[in-house]
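Following: one structure in structure tokens, then a few remarks.
What follows is calculated from the coordinates using simple rules that are stated; it is not laboratory data. This one's a predicted model, so the numbers in the text were calculated from it and none came from an experiment. Note: ideal-geometry Cβ built from the backbone for every residue, glycine included; neighbour counts use all protein chains shown.
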Amino acid sequence: MSPVDVSSFAMSPEIIILLFVTGLAAGFVDSIAGGGGLITLPVLLSVGLPPQLALGTNKLQGSFGTLSAAYNFIRKKQVVLKEAVTGVLFTLIGAEPEPGLCSVWTRLFSGIWFLFC
């Protein structure tokens, strides 16, 4: 993959303010109902960011939002970590990078999971 040229991208004070306000609005929407990326991504693209960087920036912003929300739930004892281990395990299995292993693991563990739950 070739590197993205961002040498022509300039951030004026107006763009910085727009991105800041957009980030606040997207974070607010994300905290209530999710979907803050639907606000952030079009704005990132409209200010001239290449699509690859806009998607990466949007995912990074969403990851920090998810991480802070998870930390907040754990801190307030609203999540039982012992019960969350099963979800984390299946997430790791589903995210297996090798496509052949993914389908085998997913079918095996999904079948076992549905039999006993």
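Rounded to 0.05, the FRET efficiency of the residue 90 and residue 24 pair, given R0 = 35 Å and the Cβ-Cβ distance, is 0.55. Across the stretch 61-66, rounded Karplus estimates of 3J(HN,Hα) from the backbone phi angles (6.51 cos²θ - 1.76 cosθ + 1.60, θ = phi - 60°) give 4, x, 5, 5, x, 5 Hz, Gly and Pro being marked x.
Couplings for the stretch 29-43, taken from phi via the Karplus curve 6.51 cos²θ - 1.76 cosθ + 1.60 with θ = phi - 60°, read 5, 4, 5, 8, 10, x, x, x, x, 5, 8, 5, 4, x, 5 Hz in order; Gly and Pro are left as x.
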